[in-house]
1. For the chain, which cysteines have no disulfide-compatible partner, meaning no other cysteine Cβ under 4.7 Å?
2. Residue farthest toward the positive end of the dipole of the stretch 307-447, with Cβ of Lys/Arg at +1 and Asp/Glu at -1: which of ASN414, LEU433, TRP373?
3. Can you tell me how the stretch 50-303 classifies by the Cα gyration tensor, rounded, prolate or oblate, using a/c under 1.5 as the rounded cut?
4. Whenever you get a sec, compute what percent of the accessible area on the chain sits on carbon and sulfur atoms (1.4 Å probe).
5. Cut-off under 17 Å on the C-alpha distance; same-chain residues fewer than 8 positions from LYS545 excluded. Which lysines are left, in chain and number order?
6. Taking H placed 1.01 Å from N in the peptide plane, check which residues at least 5 places from VAL197 or on another chain put their amide H under 5 Å from its amide H.
7. Using a basic spin-label model with each label point 7 Å from the Cα along Cα→Cβ, how many nm lie between SER315 and LYS773?
8. At 7 Å along the Cα-to-beta-carbon direction for both VAL530 and LEU385, put a label point, then send me their distance in nm to one decimal.
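The values are calculated or read from the model by the stated rules, or taken from the named source; none is laboratory data. Please read these numbers as outputs of a predicted model, since none were measured by experiment. Neighbour counts run over all protein chains shown; Cβ positions are idealised from the backbone, glycine included. SASA here: full protein model, heavy atoms, side chains in, ligands and nucleic acids out. Shrake-Rupley method; radii C 1.70, N 1.55, O 1.52, S 1.80 Å.
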Amino acid sequence: MFKVENFAALDKIRESLQDKIFSIEGSQTGGEALKEEMSQEGFRAVYVSGDIQMAMVGANTWRGGYRKYSLDTASIKESFQPTSIEADSYLGYSMAVASTTYSPLTIIGAPRYEHTGVVWTVFNNIKRQEIHPYQPQTGEYFGAEVCAMGVDSDKRIDLILISSPMYTDHDGEGRVYVCELSHENVLCHFDTPASIVVLRGVVSDRGRFGSSLAVLPDINADTFNDLAVGAPLENDGQGSIYIFRGEGGRKINPTYSQRIAASEIQSGLKLFGISISQSSYDQSGDGLPDLAVGSKGKVVLLRSRPVVTMTATVSFNPTQIPTQNVNCSIPLASKANICFTMSKLSAINEAQAQVNFTLILDANRKIPNNRAWISKNVREKTGSLTLQLNNETCHNVDFIIEACPDDALNPLNNELRFTFGGLPSGTNLRPSLSPKVQTTSFHSIGFEISCGKDEECVDDLKVDFNFTSSSVVKVGIDELLNVTVFVENRGENSYNSRIILTYPIGLSYRKFTSLRGRIECNSLDSEDGVTRGKTDCSIDKPIFKSNSVAVFVVSYGHNTNSKLDRRIFMTANATSGNIKHIPSTELYKKKEIDVKYSIFITVESSLSYNNFTFGEKDLQKPLKQEIKVANVIRPLNFTVVIKVPVKLGDKDIWEDTSNFTILGCKKYKDEEPGDTDFVGKIKESKILDCTVATCRVFRCSTFMERNTDQTYRISANISSRWIEQIGLSSAKFRLTSTASLEYDNNQYIFYSTTFNNDPPVRKIEAEIEVFPKPDFTKEIIGGSLGGLAFLALLTAVLYKAGFFKSKYNDMIRESAEGGAGPGAGPGAEAVVPAEG
Ligand SMILES: [Ca+2]
Ligand SMILES: [Ca+2]
Ligand SMILES: [Ca+2]
Ligand SMILES: [Ca+2]
C-alpha cells in the first residue's frame, strides 16, 4: 500500500514499481504462479461500519478476492481469496456490501469467469451463492458492476443490481439485472424469465449500458431512492447516463425517467458516464443533491432540479345548481374559479412555473348529453397561469348549465387537466413536478337539495287517474279517450319523477294537456300488436317538489275501425330517481273501462193513404206499407220490433186481424193500450196508435252485414169497422205503427251525436181519411197524396258513399236537423218521414 498526499507522489510510485518489474512470461510457464505481486488491492473499496473492505482483482493469478481491514489498527480482519475459482476470473472487479440482519453480505463480481462472468455472495467469509448469467454470452462481462440499493427509507438494502455492460442484444449493448435481496439471498429469478427485471438503454449500436451504477438520493421527491446508470459508449463514444426511479414495494421502474446525453451538457465530451459518484452531495449549495459523472478528462457535476408539488382547486358560484327554475329554456349562468398552488418538496425558497389547464364541463357525459357549456357546443375551456411558490393563482371561467336537466340527481363532474412547465428563478433550476401529483382531477357541482338535515330525499308519490267524463269507450262515436292523471308528492323532493301509463293495443296516443305542473310526455303505441302502448310523462322536471300536485290529461285516439277488447284497462305507475321512497301502494293504479261499438241503423217507411165514407160499416181497403231497415256501420245481429195497432176497443182495425202477419217477423204478443178513454183522445189527436189501441208486437230478428238493407212489408186490408165508435164523420186519422230496434246493449251503442245514445223509435204512418156521407153523388176526387214518399235520400247517399268517419257526423246531423229533431217525437229519429 502507498500513502499518497499529492499527485506528484504517483511518479515516485511509478519509479519504485519499475524497479520491481518481474518476469510475467516466466511465471506462467515456469510453474511459479503469481500470488499477490499484481493483486491490485484496492481496485474496489467499500466502507463497512468502521472497517474498509478492499477488492484485489489480480490476486492469485487473477483469481481475485478481497480483504477487510480495521481502520483503527490497519490490521487485516478478514481475507477472502478463494482458490476454487478459475484463474483470470477477476473476482473483485466489482464489489458491494449489503447490511443484513446478522452480518454484512458481500456481493462480488468476477466478470471474466469462464469468459462470461459470475457474481458471488459471501457471508461470514464463506461463499454463499454463485449467480451465473442469464443466457450467457462470451465476453458479456456479467458482474462488471454490482450495486446494493435501498429503495425505501427503512435503511435496509432492497435490491442488488448486476450489470453486463457488454451483453449485446439486437438493439443495444449492455444491461442491468435487478435482483432482490431477501434476508441473505440474492434472487434474480433467472430460472423464471417472466420475473426477470432488466434495465436497458436506448436503441444504439454500442452503449456499454451498465458500465457504472450509482444509487442516488431521492431526486424527484417521491420518497424512493433513485438509480443512475452510465452508458459511456452511446452516441459514438460521447456517452450518456440514465435515471431510473425507485418505486413502492421495493421495486425499480424499468422504464427510465430521464436520459442525459453528453451532448446536452457540453459538446466534445467523451465517455460521459464511465463513472458516477457513489455519493451525491450538495456541491452547489442549493440544498439539492448533485451528481458527479466522469467522462474522459472531465468530471461533470449535475445539479438536481427542485421538485414541487401542486394543488388544484375549483370552486363554483353558485355552489349548487338551482333546481326550481321557472323557465327551463334559459340556462343558468355559473362561474368556476380555478386555483393552483405550487409548494416545494425540495429545500428551496423560490420557484416559478407555468401551468396550462383545460376545464371540461360535465366530463362524464358524452356530447351532446352534457348539461353544461362554455358556449354553444363548447364545453372545454383552456387557460394558462404563471405560478410562484406558495402563491395561490386563480382563473375565472364563465359557463352555463341547462336549466331543467333530466338528471338533476347526479352532479356535474367537471374535469380539470393541466400540464406543468418549470421556469428558472434566481439561482434555482427549473422546478419539476412531483410524479405523485395527479394532473387530472374532478370537481363536481351538485344540484340543490332541500331534503332536511340528512340531505337524503325520501319522496312519497301517489298516482291516480280516471277516464275524465267517459264511462264507456264509444268506438266510432267518440274519437278520443281522455285520461286525467293526478300525481302528488307527499314526501320530500322527488327527482326525475315520471308517470308511465300503459294503454291497450288499438288506442293511439294523440296529445297531452297539462292542467297543473310542468309535464312532458312521450308515447309509443304498440308496434308489434302484442306489447301495450306506453306513455312516459315527466313531472316538474327535474324536481317534483315536496307537497306538490300535478294534473294532466293524456288523450288517446280511436276510430270506427279500432279493434278493442270488450273491456280494456290502463295502468299508471309513478317512479322517481330518488334512492329512497316511502313504501306505498299508491305508486300503481289500474283501471278498466267498457268498450262499446257504434252502430247505426236506419228505418224508413212509406206513408200510405186510404179513405172511407162515414157510416159505411163493412168496407175494406188494401193497405201496403214498406219498412226499409238499413245497417250502416258494422255487421251485427239485431231485432226490429214492430208494433201495429190491431184493435180499437172491441173493433178490429184489420179485416182479418187474427191472421195479420209481417213476413220475416214473428208474432210475439198483443199489447193492451194503457188508456181506455180512446174516444176522447183520438178525437183530439186524430192519432190511432198503441196508446189507444191494442197493438200486435212483431219481432224481426236478423243478421245484417254492413251497408246492407232489408225491407219488411205490411200488406193487409184495413177495415172501416172501428171508425164509427169515434163519432167523427169527417176526419184525417193517422194509423201509427212503430218500429224500434233491439240489440246487445253491452256490445253496441247507437250512433248519435247527442248525449243520449238510445236508438230511435220510428213511426210508420198511414193516413186514413173519413168523409161524411154525401146527400147526392158527387165526384170525389181521390187524393193522391198517398203513394210512396221516400225521404231517405240522405240515407241512400250514405249507402252509396260508404261510411266515412269525417263526413258521417255531418250527415247525421243534417239528417237530424232536417227532421223531427231531439225531443220532437218519441225519440230522435234517424230518418224523417215525409209529411203528406
Ligand atoms: Ca429498504
Ligand atoms: Ca425517487
Ligand atoms: Ca446542489
Ligand atoms: Ca330527508
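1. Those would be CYS147, since no other cysteine Cβ in the chain comes under 4.7 Å of theirs.
2. LEU433
3. On the way: a/c = 1.43, a/b = 1.26, b/c = 1.13.
It comes out rounded by the Cα gyration axes.
4. Numbers: 20230 of 41180 Å².
Roughly 49 percent of what the probe reaches on the chain is carbon or sulfur.
5. Leaving aside lysines fewer than 8 places away in the same chain, those within reach of LYS545 are LYS453, LYS462, LYS580.
6. For VAL197, the qualifying residues are VAL178.
7. Placing both labels 7 Å along Cα→Cβ, they lie 12.3 nm apart.
8. Roughly 6.0 nm, to one decimal.
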